[in-house]
Structure formats: structure tokens, C-alpha cells
1. State all residues of the stretch 299-318 that are free of Cβ contacts under 8 Å to residues at least 40 places away in the same chain, in contact with a helix residue (DSSP H, G or I) (Cβ under 9 Å, 6 or more places away or on another chain) and either of a type in the set (A, V, I, L, M) or surrounded by 13 or more Cβ atoms within 10 Å (Cβ to Cβ) (or both); if no residue qualifies, say none.
2. What number goes with the only condition from (1) open to solvent by less than 50 Å² (accessible area, probe 1.4 Å); (2) assigned to a loop (DSSP other than H, G, I, E, B) that A214 does not pass?
3. Test of understanding: among R68, R98, R33, which residue is in a strand (DSSP E or B) and either at pLDDT 90 or above or crowded, with 20+ Cβ neighbours inside 10 Å (or both)?
4. Checking the conditions here, which among A291, A242 is of a type in the set (A, V, I, L, M), open to solvent by 30 Å² or more (accessible area, probe 1.4 Å) and outside any helix (DSSP H, G or I)?
5. So which pairs qualify, if the first residue must be in the stretch 189-218 and touching a residue at least 24 places away in the same chain (Cβ under 8 Å) and under 19 Å from E130 (Cβ atoms), the second must be assigned to a helix (DSSP H, G or I) and among the small types (G, A, S), the Cβ gap must be under 9 Å, and the two must be at least 6 apart or on different chains?
6. Quick one: which residue in Y232, Y226 is part of a helix (DSSP H, G or I), open to solvent by 70 Å² or more (accessible area, probe 1.4 Å) and out of contact with any His (no Cβ under 6 Å at 6 or more places or on another chain)?
7. Just to check your reading of the model, which residue among L251, L262 is of a type in the set (A, V, I, L, M), open to solvent by less than 40 Å² (accessible area, probe 1.4 Å), within 19 Å of T172 (Cα to Cα) and touching a residue at least 12 places away in the same chain (Cβ under 8 Å)?
Amino acid sequence: MALNIYDNDNKYYVVGSKFDISQFNQPMVTEKREKYSFPFGDAEIVQIAFSGIFIVYGDVMVRQSRLRVKSFDEPDMVELHFSLTGGGIMENYLTNKRLDIKANQHNIIYSPDFDGTAEFDTRNQHKFFEINFERSRFIDLTSESSILLKNFAENIMNGRSVEISSENLPITLAMHSCINDIMNCHFTGGLKLLFLQSKCLELLALQAQAFEEAAKKTERPALKAYDKERIYYAREYLLANANHPPSLAELAKIAGINEFKLKHGFKEVFKNTVFGYLSDYKLMKAKELLADNSKDIKNISDELGYSSVQHFSTAFSKKFGVSPGKAR
């Protein structure tokens, strides 16, 4: 997938590359990793294609806050978009749509061509992850699904540029785990193909479930924008201090909202309690760290702030059904 990005002198640079359609549809995994350095910023992009699915993810650091971007004649695909850090605003002049996806948010998007602008914060690194399903395959997958997905697929069949929801949702820990599994896949050959296929479908199912649940709650009074912003801030602070977390009262004070709003708002936004979310985060992190054989289990337990190896082992076994040692 290639983007033409223009600098202030209207000179364009190509980021990414087009996969040959015949190669794209073969039942085999093709992977490319490329680094770019341009006047307006630097990027490292990974592209993986197989059986009508195209994965692209990477890190971007921009030195120019507003860029002109064009993309035409790409394979017709539906995009599962995850903004891991940074986020940005994309405005498509062809459709008069403006999409603002902040850090730790996701959406499902269909936009065949793009000619518009991208706006970024030049102070922060931007990490993104996308899974693109070939249009016909996405429609087949969702043809017997929920009403929400069916309506979304109908818009796609009618050639409308559309998002599954006007409101982006927070990326759940289950989604983060699935994304990490894809980015750190060590399988090769046919096993890699099967693994990546299953994980892509898992992410689609997790997104569909999240948007279904959000649609059912539209009748409830929405959180005020300020309260939602403070709850996102509370989450970021909590994870940044995961080893020595503040109390609920302390976190509410730091976030600038009362404890009641923090408790109920956090549960509404992230579908978990504050410390239930923190526990899941630490255990997902432990799962990643166990893949690094240079660290023993006690070091991992200490690094994540558990009071003892036994406490860590009990929590890990309860979450994953297997001890840390057996998981390794």
C-alpha cells in the first residue's frame, strides 16, 4: 500500500509499496520491512500480504505537522485501524470526511481513494497498526453477521466511503495482545499463514463485539467530553506507574475528577474496573516478558511490582490457566 506524501515545495515522496495483485491473492505470506527518511519525517513500515489480507504497521516521527497525502489505484480494501500511540487527523477532500483517531483508539474504515491532508503532533512518535481485508472477502465474512456489520457491508457494496461508527473506541487489552502476537509472530511457512489468518479474524471479531456493545449503550447519557478526557488521562497515568500504582482516591485527584466519576466512567470506557484493568495489563506484559529467556521469573515478578513470586504465579495461573514456568 503506497502513499504519496508532499512536502512544502510540493515535491512528493512514496511511503510504502504496492503489492502485485496476483501475489497478494496467493495462499502464502509475503513480508516487507522498509525504513524511510524524508524532509518531513522518518518512518519504519512493515507490510505483510496473504490470501486477500494485508497487514501494515509501523512507527512514524514527523517534523511537519500538516502533510498533503494522496492514494489512488490501490486494491479495494476495508481497513481495521488501530492508533497505538500519537494518533492523528485525516481529512479526505474526495468525501469531505474528517477522521480524528487519538492514541489507543480504533475504528473500521472503508475509503477506496484518498486525497487530502494528515495532521500530526510533531512532538510525539506515532505508532499504528492496520489490517486490510479485500473488499469481497470482508463482505463474505460479514454477510451472516450482526445487523451493525451487515449495514456497514451494505454501505461498502454501494461504494460509500464510511466508518463503522462515528465515534472511535478504546483499544482493549485483548486487542493489544492480539496485535502484539501478530507483530511478534515467529512461525514460518504454512503455520505462519494459519496463525496470521486466525489472529486477523480474531481482531475483527473483537472490534465487531466492541462496536455492537457501544451501539447498545447509545440510549444512556454519554460521558461529558471533559470527564472522558480525564478518564483517558487516568489510564495513561495508571499504566505509567503500574509498578507503584496510586490509590483510587489519589488517581481521581491526579486526574481532576471525583472518585465516583472515575470508577463508573472507567468501567464504561474500558469495560473493566480501574485495578482490574491494571491487573490485566500487568499480566499481558508478563506474558510478553516470559518470551525473553534472559529474564527469570523472579525478575519479571519484581519488574511488574508483585509482592512475591507466589503472588505473581497465582495471578498468572488464574488469568491464563497455566503457571508462568509452563507458559515459558
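The values are calculated or read from the model by the stated rules, or taken from the named source; none is laboratory data. Note that the structure is a prediction, hence the values are computed from the model and not measured. Heads up, the Cβs are rebuilt from the backbone with ideal geometry, glycines too, and the neighbour counts pull from every protein chain shown. Ligands, DNA and RNA are stripped out before the accessible areas are found, and what is left, the full protein with its side chains, is counted by its heavy atoms. Shrake-Rupley method; radii C 1.70, N 1.55, O 1.52, S 1.80 Å.
1. N299, I300, S301, D302, Y306, V309, F312, S313, A315, F316, S317
2. Among (1) open to solvent by less than 50 Å² (accessible area, probe 1.4 Å); (2) assigned to a loop (DSSP other than H, G, I, E, B), A214 violates only (2).
3. Matching residue, one of R68, R98, R33: R33.
4. After ruling out the rest, the residue left standing is A291.
5. E202/A174; L206/A174
6. Every option except Y226 fails the conditions.
7. On inspection, the qualifying residue turns out to be L262.
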